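Just below is one structure, and these are the notes that go with it.
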Amino acid sequence: MRFRKFWPWVALLCFSLGTTWVYAGWKTAREQLEHVHIVGDFRLFYSTEGENALPAERQKDLNGNGIPDFVEDVGIQLIAGIELFTGEFGFVHPLHTDRYRDKVQYIDVHFLEMEGKGSSGDGVVTYRYEAFGGTPSRAITITLSNNLRTGSVTPLHELFHAYQNGATMFKNRWYTEGTARWAESTLSGGKGRQSSLPATAGDLEEWLSKTYGAGRVWNRLARLCSRGEEDYPRVESPLRYVTTGGPVFVEKPAVGFVFFRTLLAQFGRMDKRVSALRGRPIYDWEEAEQRSEMNNPYLMCALRDTISLQCPRDQQEISGFLYLLEVFAGDACKGLGNDNDQ
């Protein structure tokens, strides 16, 4: 995601902070949003006039309840996402993780004019919304374009980033964007495009250089490591979009949630070990450190452990991939062993 003009770097800095300080100008546009729609754990802030106003098409209120149908639909998708990821799949709700529990009450969603589609911030931010008395409140942030197309999967994608941020400090994009692509695919039964697992050191390096494109390998792992019927629930929700009347989720199997749930748990264990090795408080990593290539060997160790726990190792594709992970990780795994304690 990139903000207009010079905002990309400001936004990157502000979203990365694990404290309540943010650049004042970055907050101003958000704190001036004059409308809010509260649903579940989400506060959706939007404007109907000014620079960040919803376009006229997005302000339609066909059901006459005073809330733009567009905003309602985003809220419905986010609530359905919580029901799916936490209620059905067993992922720890972001606000219930050690990182955010008792520190924030809401996930604040801001609709802004922006070049990209959305972003999800991991920092705890204190907001003072002018239209609501300026009372300070602490939240984590999802930012969405005020002109998303109807039915866009971006809200669900950004919600999964909130799950990632609650679980682990690692933010290497081959992992964050790649696995968020799997999360998107749950809207259509978890059937995203696949690529074969890396078979050579060059293949592995290429995978680690990708962002969204890394999702094809993650989808392959989800397929290879699915665990029979327990990994194939019916994905269905009574929630329906206001604008179309259609269901949020189709009634098809979602593949791989046990694998990804275990993966986030293993990454969460590993970042605590890395924090200890680096002498850094667990929730006080700088943005550059969260995204550093130096994390990759440790991520490989955690991925190795996840595969050992969840995947049939007698498959040649899996066994060859495990060997690559061991070689790549090298000394990073020494003394750690395999976390086969789940």
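The values are calculated or read from the model by the stated rules, or taken from the named source; none is laboratory data. Remember, predicted model here, so these are calculated numbers, not experimental data. As a convention, Cβ positions derive from the backbone with ideal geometry for all residues, glycine included, and neighbour counts pool all protein chains shown. In case anyone asks, the SASA skips ligands and DNA or RNA and just uses the protein heavy atoms, side chains included. Shrake-Rupley method; radii C 1.70, N 1.55, O 1.52, S 1.80 Å.
Side notes on the structure shown:
- Restricted to helices (runs of 4 or more DSSP H) entirely inside region 252-328, those with at least 1 residues that are closer than 18 Å to L204 by Cβ and open to solvent by less than 50 Å² (accessible area, probe 1.4 Å) are 257-278, 296-310.
- Filtered by the rule that a residue be of a type in the set (G, A, S) and within 21 Å of the chain's Cα centre (by Cα), region 292-314 gives S292, A302.
- One residue stands out in region 59-103 among those that are outside any helix (DSSP H, G or I) and hydrophobic (A, V, I, L, M, F, W, C): the one that is surrounded by the fewest Cβ atoms within 10 Å (Cβ to Cβ), namely L62.
- Residues located in region 148-159, provided they are open to solvent by 20 Å² or more (accessible area, probe 1.4 Å) and not aliphatic (A, V, I, L, M): R149, T150, G151
- Inter-residue pairs, beta-carbon under 8 Å, first over 19 Å from R269 (Cα atoms) and in region 298-322, second of a type in the set (S, T, N, Q), 6+ apart: R313/S319; E317/S196; L322/S308
- Test: H157 is under 12 Å from the mean Cα position of the chain (by Cα), farther than 22 Å from L54 by Cα and of a type outside the set (A, V, I, L, M, F, W, C): no
- Residue check for V125: open to solvent by less than 10 Å² (accessible area, probe 1.4 Å), over 15 Å from the mean Cα position of the chain (by Cα) and more than 14 Å from L78 (Cα to Cα): yes
- Count of region 195-222 residues, restricted to those that are of a type in the set (S, T, N, Q) and touching a Phe, Trp or Tyr at 6+ places or on another chain (Cβ under 9 Å), is 4.
- Looking at A183, A162, A131, just one residue is in contact (Cβ under 8 Å) with a residue 24 or more places away in the chain, surrounded by fewer than 18 Cβ atoms within 10 Å (Cβ to Cβ), in a helix (DSSP H, G or I) and not β-branched (V, I, T), and that residue is A131.
- Index of the failed condition, L54 passing every other in (1) more than 23 Å from the chain's Cα centre (by Cα); (2) surrounded by fewer than 18 Cβ atoms within 10 Å (Cβ to Cβ): (2)
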